[in-house]
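First up is the structure itself, then whatever we jot down about it.
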Amino acid sequence: MLLKSLDEIQEYIEQNGIRFFNIYNDNFQCRCGCGEVLLDSELLEKLDYLRSLIDEPIKITSAYRCKEHNARIGGKPSSSHLKGLAVDIFIPNNHYRYKVLDNVFVEELFNRIGVAENFIHLDIDENKPQEVCWGYFN
């Protein structure tokens, strides 16, 4: 289910036992300040479960992006961020990266994964190739 406002996200969080995320401390809105937000409930549930497994906070650095912001930062025109189906999470060190990836693979939480030096992209876009993992290299 696609959640289309902060109020819808908060209501979903409260009604479905999401323990580790809320609209006040997490970056679900577009980072450009436009106020737009889209978030798939399945993505939110998977992130909450991942957070319970790694037993450490997850800092979202990018979730939904409006078209203008996505273009401004060099995102692909077909980015899953535009559909509320993807997040980038901050990776502070190699141990944290290992814990995230180990749990993502063992639990089969996401099958579209991008790995960069300081973030991991996780998405659930079923209209794109599945069981893929890529790197962001300079």
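Every number here is computed from the coordinates shown, using simple stated rules; none is lab data. All values reported here derive from a predicted model rather than from experimental measurement. We place every Cβ from the backbone using ideal geometry, glycine too, and count neighbours over all the protein chains shown.
Evaluate the relative contact order of the chain (contact order divided by residue number), counting alpha-carbon pairs under 8 angstrom at least 6 apart; express in whole percent.
Relative contact order of the chain: 20 percent.
Which of the chymotrypsin sites (Phe, Trp or Tyr not before Pro) across segment 51-138 are loop residues per DSSP, with 16 or fewer other Cβ within 10 Å?
Hits after loop and neighbour filter: Y136, F137.
Please get the size of the charge dipole for segment 2-135, origin at its Cα centre, with Cβ charges of +1 on Lys and Arg and -1 on Asp and Glu, quoted in debye to the nearest 20.
560
Helix-only mean residue ellipticity at 222 nm, the chain, DSSP H runs n ≥ 4 weighted -39,500 (n - 2.57), per residue, nearest 500. What is it?
Computed mean residue ellipticity for the chain: -9500 deg cm²/dmol.
When all C-alpha to C-alpha distances in segment 2-135 are sorted into bins of 5 Å, what percent of pairs does each bin hold, rounded to whole numbers?
2, 11, 21, 25, 21, 14, 5, 0
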